[in-house]
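The values are calculated or read from the model by the stated rules, or taken from the named source; none is laboratory data. Because the structure is a prediction, the values reported are computed rather than measured. Counting neighbours? That spans all protein chains shown, and the Cβs are built from the backbone with ideal geometry, glycine included.
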Amino acid sequence: MEIKDIKEKSSKYLFQNYGRADLAFESGEGCILHGYDGKDYLDLVAGIAVNALGYAHPDWVSAVQKQAARAAHISNLYLIKEQADLAEKIASVTPGELNRTLFVNSGAEANEAALKTAVRYTGRGKILSALDGFHGRTSASLGATGQEKYRKSFEPLISDSYGYFEFGNCEQVKSMVGKDTAAVLVEPVQGESGVRIASAEFFRTVRDVCSDNGALMICDEVQTGLGRTGQWYGIENYGVVPDMITMAKALGGGLPVGALSSTDEISSVMVPGTHGTTFGGNPMVCAAGCAVIDVMKRDGLIEHSRETGAKWIRDLKMIDSPDIREIRGLGLMIGIEMNSSENALRIQKYCRDNGVLINVCHGSTLRLIPPLILTDAQKDTFTALLKECL
Ligand SMILES: Cc1ncc(COP(=O)(O)O)c(C=O)c1O
């Protein structure tokens, strides 16, 4: 099949809610995607930070195949061995006492579950989150997303329980959190808005002000979680332990699974009947998740992400160009802010024409969120292309 045929069928039968590139891929292996155009692409997008083990990782494929041949789905009406196994593995890598997990199907759903839990636990209704943050497209997660462009046309679905502070602004967050606050929901690194980083002091302030006021600190680790920033969780870069962590993207290694982890005490308010989802944590996605965490541990992918990312940022910072405004990142989550969106798009196209996929987010930032198995040579391929293009 050719790309033009896929495009024609997609235009005819799909909702047109995505701005898609004229590219389609047949398969992948490691960090390489094989296109229907007959070309190979080095993928530095990884399905938007999903394919942490790359494509068709043998351990992941074997786990998924075995589970598919046994039972892909069993209802939460029953005990599910693979779900308990994955929850145990998550508990082995989450900070503090976040030992209990609830499984859902996506990042937005993980945030919904966290917000519902916070409201029940505190008996309060106010949710605070950061401007320019992103938490998903369902009603509550959209409500907590501090970007009007996403919320505007859906306001009737969103309650007025939300308030927004400037990411990184300690004084503002201190002045906003009060006795009516159920939770502060915050990304350790703002991904969709261009890999924006705040200080350790900011996260410590959020922690302290939440504790002082009986509000819960929820870290949205949907994008930053599971090794992306060079730690298991992004918030560990700041030595802060939140009350809840939400995760998704990397967890299933390509299958849709999200999770909320919290403490015994907080999780205890979610009694039978308070929350649930048919597919949440089915044996298939949990077997995939177990393989992801096992491979990350066995192959030292967290350290690899930290070290490769640090070298990459150092190399990129050595590029002397008036077109680059700022380079920032943690681990293999890197943003290169260009001086204009035209230049960002020009570089994206140049890379694509030369077999490398990158993503432009928040207008003018090139975002690098490759599989965590990226090699030094692969990162150097992009650096060389960027220099050439500049
Ligand atoms: C930080 C963050 N939270 C939540 C979401 C929403 O996740 P999902 O698209 O799986 O619902 C995303 C997606 O990009 C994200 O980056």
Fill in the blank from the handout: Leu102 vs (1) crowded, with 19+ Cβ neighbours inside 10 Å; (2) touching a Cys at 6+ places or on another chain (Cβ under 7 Å): all pass except (2)
Problem - First in the range 179-192 and in the same structural domain as Asn237 (by TED's automatic domain parsing) and of a type in the set (Asp, Glu), second anywhere and more than 9 Å from the ligand (Cβ to nearest atom) and outside any strand (DSSP E or B), Cβ under 6 Å, 6 or more apart - result: Asp180/Arg124
Handout entry: Test: Leu255 is in contact (Cβ under 8 Å) with a residue 24 or more places away in the chain, in the same structural domain as Ala118 (by TED's automatic domain parsing) and out of contact with any strand residue (DSSP E or B) (no Cβ under 8 Å at 6 or more places or on another chain)
Key = yes
Exercise for the section: Tell me, please, whether a residue that is within 18 Å of Val64 (Cβ to Cβ), free of Cβ contacts under 8 Å to residues at least 12 places away in the same chain and surrounded by fewer than 24 Cβ atoms within 10 Å (Cβ to Cβ) can be found in the range 283-298. Expected result: yes
Completion exercise
Only one of (1) in a loop (DSSP other than H, G, I, E, B); (2) in contact with a Pro (Cβ under 6 Å, 6 or more places away or on another chain) does not apply to Ile235, and that is (1)
Exercise for the section: Looking at (1) within 12 Å of the ligand (Cβ to nearest atom); (2) charged (D, E, K, R); (3) closer than 26 Å to Tyr238 by Cα, find the lone condition where Glu166 falls short. Expected result: (1)
Practice task
Among the residues of the range 207-232, count how many are more than 10 Å from the ligand (Cβ to nearest atom) and more than 17 Å from Gly252 (Cα to Cα).
Solution key: 15
Fill in the blank from the handout: Turns out the strands (runs of 3 or more DSSP E) fully within the range 1-106 with at least 3 residues that are assigned by TED's automatic domain parsing to the domain that holds Leu357 and of a type outside the set (Asp, Glu) are 25-29, 32-35
Completion exercise
In the range 368-390, anything out of contact with any Cys (no Cβ under 8 Å at 6 or more places or on another chain) and not basic (Lys, Arg) is listed as Leu368, Ile369, Leu372, Asp376, Ala377, Asp380, Thr381, Thr383, Ala384, Glu388, Leu390
Practice task
Can you work out which of the residues in the range 109-148 that are in contact with a His (Cβ under 7 Å, 6 or more places away or on another chain) and closer than 25 Å to Ile80 by Cα is surrounded by the fewest Cβ atoms within 10 Å (Cβ to Cβ)?
Solution key: Lys116
Practice task
Find the residue count for the range 238-252, including only residues that are outside any helix (DSSP H, G or I) and either in contact with a strand residue (DSSP E or B) (Cβ under 6 Å, 6 or more places away or on another chain) or under 17 Å from Gly107 (Cα atoms) (or both).
Solution key: 7
Handout entry: Condition broken by Leu216, with the remaining ones in (1) touching an Asp or Glu at 6+ places or on another chain (Cβ under 7 Å); (2) among the hydrophobic types (A, V, I, L, M, F, W, C); (3) surrounded by fewer than 17 Cβ atoms within 10 Å (Cβ to Cβ) satisfied
Key = (3)
Problem - Residue list for the range 187-206, restricted to those being of a type in the set (Val, Ile, Thr) and within 16 Å of the ligand (Cβ to nearest atom) - result: Val189, Val195, Ile197, Val206
Handout entry: the range 125-163, residues that are more than 14 Å from the ligand (Cβ to nearest atom), part of a helix (DSSP H, G or I) and not charged (D, E, K, R)
Key = Ser153, Phe154, Pro156, Leu157
Practice task
Check whether at least one residue in the range 115-124 is assigned to a strand (DSSP E or B) and either within 14 Å of the ligand (Cβ to nearest atom) or within 21 Å of Thr263 (Cα to Cα) (or both), and report yes or no.
Solution key: no
Fill in the blank from the handout: For helices (runs of 4 or more DSSP H) lying entirely in the range 280-390, having 2 or more residues that are assigned by TED's automatic domain parsing to the domain that holds Val45 and closer than 28 Å to Phe134 by Cα picks out 301-317, 341-353, 376-389
Completion exercise
Among residues of the range 233-253 being surrounded by fewer than 24 Cβ atoms within 10 Å (Cβ to Cβ) and in contact with a Gly (Cβ under 8 Å, 6 or more places away or on another chain), the residue nearest to Ala200 (Cα to Cα) is Asn237
